[in-house]
Amino acid sequence: MSDRMKQYWKKNLGYLAILLSIWFLVSYLFGILLVEPLNSVRLGGFKLGFWFAQQGSIYTFVILIFVYVRLMNKLDKEFDVDEK
């Protein structure tokens, strides 16, 4: 594998690590571990901890998918491996 492709995969894995960390933070930390403190805040009539556990982690995951697609399209163009 060429050095350029190694750089490509290293950057790709960096994106994955950041995005999965965000997903972990929202789904596990906010939705499970910090649910009680977050429940003191209300969002749309629902307790914030409940919202993160039921809806917030799903919305965050969908947004992260779109962010990943955008980042990868940019990365593909940068390394000239995009579909033409």
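Where a number appears in this text, it was derived from the coordinates with a stated rule and is not lab data. Since the model is a prediction, treat every value here as computed from it, not as a measurement. Every residue, glycine among them, receives a Cβ derived from its backbone with ideal geometry; neighbour counts consider all protein chains shown.
State to the nearest 20 debye the size of the charge dipole of the chain about its Cα centre, where the only charges are +1 on K and R beta carbons and -1 on D and E beta carbons. Intermediate values should be presented prior to the final figure.
On the way: 10 positive and 7 negative charges, 20 e Å.
Roughly 100 debye, rounded to the nearest 20.
Semi-axes of the equivalent ellipsoid of the chain: what are they in whole Å, largest first, if each equals the square root of 5 times a C-alpha gyration tensor eigenvalue? Please list the in-between numbers first.
Working: eigenvalues 255, 34, 8 Å².
Semi-axes (√(5λ), whole Å): 36, 13, 6.
Sort LEU25, LEU48 by Cβ crowding within 10 Å, fewest neighbours at the top.
On the way: LEU25 14, LEU48 19.
Fewest to most other Cβ atoms nearby, the residues stand as LEU25, LEU48.
Order of LYS74, LYS47 from fewest to most other C-beta atoms within 10 Å?
Numbers: LYS74 12, LYS47 16.
Least crowded to most crowded, the residues run LYS74, LYS47.
Relative to the longest principal axis of the chain, what angle (0 to 90°, nearest 10) does the C-alpha long axis of helix 57-78 take?
Tilt of helix 57-78: around 20 degrees.
Using the number of other C-beta atoms within 10 angstrom as an exposure proxy, rank VAL41, VAL67 with the fewest first.
Values: VAL41 11, VAL67 14.
With the sparsest Cβ surroundings first, the list reads VAL41, VAL67.
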